[in-house]
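**Student:** Take this structure, written in structure tokens, and hold onto it; I'll ask about it next.
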Amino acid sequence: MRSARAALIWIALATAIGVPIALAAVSEQLAWRGPVYIIAGFAGIVALGLMLVQPLLIAGYLPGLSAYRGRRVHHWTGGAIVVAIALHVAGLWITSPPDMIDALTYTSPTPFSPFGVTAMWAIFAVALLAIFRRRLGLRRWRIAHMGLAIVIVVGSAAHAVLIEGTMETVSKVALCALVLVAAMRVLAGLAVRIRRGAVRGESVAGR
């Protein structure tokens, strides 16, 4: 029974991520795009898919992974997201520097640009803070990470939904919804744990 449930969880996760990528790969719009633009676009899609994996890893929802192994994979997946976003931005810069300048300076007329750029800076901020995680302390790191994670998932989902590109609409919206639900559920649980830890600390200090 456990093995069947584990298999279903992994199949569901692979479907949620794989279907949008597969449908984007057969999009008619790819015929009008160059290879650099296509790579940049799919780097963004992969990053969005990995954002669904991240909260599931840290919460221990993925079977077959111990808590320690889940945290390690979470760290590596976070690095993969940073690389994917860097490829996404670099590819779009190569294909259209003026559009990227407008996006990065928040002057682009496209409604999806500010959400994507804000999420990008939040992703880079998490990567930078991760380097100084030990100096920050566990509680400060968790609070900062949680706040930035909210910016990342909300900004990324809004960015993806507003773009009328190669991603198929229904599968794209479904993936974005799953990313939001998974992230918010896990973040809510972590917030409760942090609060309980703070309350226990205050109780001990007051004795």
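**Student:** How about region 16-44: which of its residues are out of contact with any Asp or Glu (no Cβ under 6 Å at 6 or more places or on another chain), under 22 Å from A177 (Cα atoms) and surrounded by 13 or more Cβ atoms within 10 Å (Cβ to Cβ)? Explain how you work it out, then say what you get.
**Tutor:** Initial filter on region 16-44 (out of contact with any Asp or Glu (no Cβ under 6 Å at 6 or more places or on another chain)): 16-22, 24-44.
Then drop every residue that is not under 22 Å from A177 (Cα atoms), which leaves 16-22, 24-25, 27, 41-44.
Correct list: A16, I17, G18, V19, P20, I21, A24, S27, G41, F42, A43, G44.
**Student:** Out of the helices (runs of 4 or more DSSP H) lying entirely within region 50-164, which hold 3 or more residues that are in contact (Cβ under 8 Å) with a residue 40 or more places away in the chain and either surrounded by fewer than 16 Cβ atoms within 10 Å (Cβ to Cβ) or of a type outside the set (S, T, N, Q) (or both)? Can you show your working first?
**Tutor:** Values: elements: 67-95, 97-104, 113-131, 133-136, 138-162.
Passing ranges, in order: 67-95, 113-131, 138-162.
**Student:** Still on this model: Does any residue of region 3-15 turn out to be under 15 Å from the mean Cα position of the chain (by Cα) and in contact (Cβ under 8 Å) with a residue 24 or more places away in the chain? Quick ask: steps written out before the conclusion?
**Tutor:** Keep residues of region 3-15 that are under 15 Å from the mean Cα position of the chain (by Cα), which gives 13.
Keeping just the survivors that are in contact (Cβ under 8 Å) with a residue 24 or more places away in the chain gives 13.
Yes - at least one qualifying residue is present in region 3-15.
**Student:** Among the residues of region 154-182, which ones are under 21 Å from V117 (Cα atoms) and acidic (D, E)?
**Tutor:** E164
**Student:** Sticking with this structure for a sec: Looking at this structure, is L62 of a type outside the set (S, T, N, Q) and modelled with pLDDT of 95 or more? Explain how you work it out, then say what you get.
**Tutor:** Values: of a type outside the set (S, T, N, Q): yes; modelled with pLDDT of 95 or more: no.
In short, no.
**Student:** Which residues, counting only those in region 134-177, are under 12 Å from the mean Cα position of the chain (by Cα) and among the β-branched types (V, I, T)?
**Tutor:** Of everything in region 134-177, those that are under 12 Å from the mean Cα position of the chain (by Cα) and among the β-branched types (V, I, T) turn out to be I150, V151, I152, V153, V154.
**Student:** A further question follows. Of R207, R200, R193, R185, which residue is over 22 Å from V117 (Cβ atoms), modelled with pLDDT of 85 or more, surrounded by fewer than 18 Cβ atoms within 10 Å (Cβ to Cβ) and out of contact with any Leu (no Cβ under 9 Å at 6 or more places or on another chain)? Even if it seems obvious, please write down each step before you answer.
**Tutor:** On the way: R207 fails: modelled with pLDDT of 85 or more; R200 fails: modelled with pLDDT of 85 or more; R193 fails: modelled with pLDDT of 85 or more.
Going through R207, R200, R193, R185 in turn, just one is over 22 Å from V117 (Cβ atoms), modelled with pLDDT of 85 or more, surrounded by fewer than 18 Cβ atoms within 10 Å (Cβ to Cβ) and out of contact with any Leu (no Cβ under 9 Å at 6 or more places or on another chain): R185.
**Student:** Has region 19-30 got at least one residue that is more than 15 Å from the chain's Cα centre (by Cα), polar (S, T, N, Q) and closer than 30 Å to L190 by Cα?
**Tutor:** No.
The values are calculated or read from the model by the stated rules, or taken from the named source; none is laboratory data. This structure is a prediction, so every number in the text was calculated from the model and none was measured. Cβ atoms come from the backbone with ideal geometry, glycine included; neighbour counts cover every protein chain shown.
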